[in-house]
Amino acid sequence: MQNPIPHAALLASPGLGHLIPVLELAKTLVDPHGFRTTIFVIPIDQASTAQNQLFKSPNPDLIDIVVLPFVDISDLVDSTTSVVTSLVLMMRESLPLLRSAIFEMKVTPTVLVVDLFGTEAFDVADEFGMLKYVFDTTNAWFLAATIYAPTLDRRVLEEHAYDKIPLRLPGCRQVLFEDTLEAFLDPKDPTFEVFLELGKGIPKGDGILVNSWQELEATTFKALEDKSLLGRVARVPVYPIGPLVRGVASTQNSNVISWLDKQPMESVLYVSFGSGGTLSSKQITELAWGLELSQQRFVWVVRPPMDDDKSGSYFSAGNGNGDGTPDFLPEGFVARTRDIGLVVPSWAPQREILAHPAVGGFLSHCGWNSTLESITNGVPMIAWPLCAEQKMNGTMLVEELGVALRAQAAAYEDVVGKEEIKKMVRKILVEEEGEEMRKRMREVKYSAQEAVNKGGSSLKSLSQVASNCKIRSEDLGAKSKGARGDLLISQ
Ligand code: UDP
């Protein structure tokens with residue numbers, strides 16, 4: 001008799017940077033691990049073209065994408081509410097919708113996989129007898145800081161925030177105040193408590209999947225396993241399963257790609273701050289001048305300035321009209337750089353751009369997906385972190401891997417100046433230092449490929465999770481034959 005196929009339900013929290021890796025995980029669970037999957041998406045802005053494109057299933061027979069109704073939390077938030085808090089609220093408000101959606105499924109899924117913001121949904125998984133996993137869509141170092149912080153005496157976290165004392169993580173790299181997670185910057189900010197609660201939720205499942213790989217973060221993964229170090233905090237097995245990144249679309253009709261086709265090898269800097277990152281008007285002006293002064297080729301994804309918000313486009317990512325010349329760039333900039341640069345409003349086909357041979361560097365906010373996309377294409381980076389865990393990612397790239405330069409803001413005004421930008425751009429594209437980084441990035445790229453290839457560490461690690469799910473799936477199959485009315489199979 002044939003064993004039932006395991007069915008994974010994946011819950012993606014709002015934001016393209018969350019949905020993209022969840023989609024990749026679903027694809028990998030289907031092939032090679034033989035799952036059926038349903039992705040429940042909590043959408044951001046309804047009008048996001050980039051988001052709506054992701055709602056088309058790449059494999060409708062085996063990957064079902066269910067977009068839950070948009071939840072309006074405008075009554076619960078105000079202009080001071082952080083992205084983290086808004087995400088938690090949106091997830092909480094969506095739980096009844098998730099419960100009903102699972103209840104109505106013909107066959108109850110075997111496992112529920114949620115991201116960092118979705119652990120409150122574990123109660124729903126318990127109601128239906130499903131296995132529960134957290135998918136950390138960033139790296140193991142971030143995971144270590146997030147699960148360890150809630151176990152610390154509050155005074156330690158206050159000393160970290162107020163006296164700038166490094167946060168010591170047992171068995172792994174300490175977190176300097178300058179690099180710390182945004183949520184740890186101010187213990188008086190409500191986001192601080194919200195984030196600590198998120199950290200507490202992570203060990204409550206059956207395991208933690210991380211979009212990183214053993215060879216990239218060997219020390220941290222070891223610490224997360226070791227019960228005398230962070231293993232006692234993680235409590236459940238931690239599985240490095242990455243890098244899970246999007247492949248290049250086979251057909252691509254885009255102006256950017258046609259433009260890149262005409263440029264020399266490794267001559268172009270790609271500049272982008274992720275799905276929602278925004279810069280102040282002063283910073284945009286300095287960046288424009290820096291690019292122009294460098295006299296190097298560039299593709300720059302621009303968004304209107306936001307003076308007090310570094311993730312100002314988070315909930316409206318990818319819904320710009322993409323046309324016209326932005327009027328917030330220095331006068332004459334587009335005309336003067338016409339022969340060397342391309343300005344793309346709001347959204348660009350990033351995975352295709354980074355895979356293009358003409359691209360020689362990536363100036364990035366160091367979101368983890370962007371970081372992995374740069375690594376898997378062997379493109380060295382200029383690390384320009386804005387918020388969330390991006391400073392930690394930047395530090396890993398610059399100090400541990402030696403594959404990026406770090407943009408340094410002038411301490412007195414928090415703006416990276418044009419001369420500094422010019423220098424970094426030239427270093428990464430034309431100087432020896434950049435060439436060295438490119439070589440090292442190729443080595444990291446190779447290690448990333450090995451991890452997900454046949455016999456690779458991440459593939460093996462996800463196979464273990466898959467076999468846990470298969471065992472549960474068989475148990476459920478057996479139960480459903482024996483006991484009608486069992487809640488686990490809601491026909
Ligand atoms: N992205 C894209 N085009 C853009 C901006 C972003 O395709 O113009 C994609 C990018 O390739 C990545 C994701 O959006 O997969 C952004 O995720 P990341 O973790 O880098 O940053 P976040 O947006 O979550 O801050």
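The values are calculated or read from the model by the stated rules, or taken from the named source; none is laboratory data. Remember, predicted model here, so these are calculated numbers, not experimental data. All Cβ positions, even for glycine, are placed from backbone atoms using ideal geometry, and neighbour counts span all protein chains on display.
What to note about this one:
- Taking segment 349-373 as the range and being farther than 22 Å from GLN408 by Cα, more than 9 Å from the ligand (Cβ to nearest atom) and of a type in the set (A, V, I, L, M) as the test, the residues that pass are ALA355, ALA358, VAL359.
- Among the residues making up segment 374-393, those that are within 14 Å of the ligand (Cβ to nearest atom) and either among the hydrophobic types (A, V, I, L, M, F, W, C) or surrounded by fewer than 24 Cβ atoms within 10 Å (Cβ to Cβ) (or both) are ILE375, THR376, ASN377, VAL379, MET381, ALA383, TRP384, LEU386, CYS387, ALA388, LYS391, MET392.
- Residue match in segment 55-77 (condition: within 16 Å of the ligand (Cβ to nearest atom) and touching a residue at least 40 places away in the same chain (Cβ under 8 Å)): no
- A single entry from VAL124, VAL175, VAL156 fulfils the requirement of being farther than 20 Å from GLU400 by Cβ and buried (at least 16 other Cβ atoms within 10 Å of the Cβ): VAL124.
- Answer residue from segment 1-28, given it is within 18 Å of the chain's Cα centre (by Cα) and in a strand (DSSP E or B) and is farthest from THR110 (Cα to Cα) among those: ALA12
- In segment 61-101, residue modelled with the lowest pLDDT [restricted to those that are assigned to a loop (DSSP other than H, G, I, E, B) and among the small types (Gly, Ala, Ser)]: SER79
- Residue within segment 112-121 that is over 30 Å from ASP309 (Cα atoms) and either among the β-branched types (Val, Ile, Thr) or touching a residue at least 12 places away in the same chain (Cβ under 8 Å) (or both) present: yes
- Summed over segment 1-15, the residues that are surrounded by fewer than 21 Cβ atoms within 10 Å (Cβ to Cβ) and either touching a Ser or Thr at 6+ places or on another chain (Cβ under 6 Å) or under 22 Å from THR119 (Cα atoms) (or both) give a count of 1.
- Complete set of residues in segment 213-271 that are in contact (Cβ under 8 Å) with a residue 60 or more places away in the chain and among the acidic types (Asp, Glu): GLU215, GLU217, ASP261, GLU266
- Of all the residues in segment 237-288, those that are exposed (fewer than 13 other Cβ atoms within 10 Å of the Cβ) and within 19 Å of the chain's Cα centre (by Cα) number 1.
- For segment 29-52, the condition of being more than 27 Å from VAL107 (Cβ to Cβ), without any contact (Cβ under 8 Å) to a residue 40 or more places away in the chain and outside any strand (DSSP E or B) holds for at least one residue.
- Flag if LYS27 is at pLDDT 95 or above, among the charged types (D, E, K, R) and away from the ligand (no atom under 11 Å from the Cβ): yes
- The criterion of at least 1 residues that are more than 20 Å from the chain's Cα centre (by Cα) is met by the following strands (runs of 3 or more DSSP E) wholly inside segment 111-228: 111-115, 131-136, 167-169, 172-175.
- Members of segment 439-488 that are modelled with pLDDT under 80 and either within 22 Å of VAL379 (Cα to Cα) or aliphatic (A, V, I, L, M) (or both): LEU476, ALA478, ALA483, LEU487, LEU488
- Subset tally (residues that are over 15 Å from SER364 (Cα atoms) and among the hydroxyl-bearing types (Ser, Thr, Tyr)) for segment 377-428: 1
- If the condition is being over 19 Å from GLU215 (Cβ atoms) and of a type outside the set (A, V, I, L, M), then segment 381-415 contributes TRP384, PRO385, CYS387, GLU389, GLN390, LYS391, GLY394, ARG406, GLN408, TYR412, GLU413, ASP414.
- Scanning segment 394-408 for residues that are closer than 23 Å to VAL268 by Cα and touching a strand residue (DSSP E or B) at 6+ places or on another chain (Cβ under 9 Å) yields GLY394, LEU397, VAL398, VAL403, ALA404, LEU405, ARG406, ALA407.
- Scanning segment 186-212 for residues that are in contact (Cβ under 8 Å) with a residue 40 or more places away in the chain and of a type in the set (Lys, Arg), we see that the one that is nearest to VAL83 (Cα to Cα) is LYS200.
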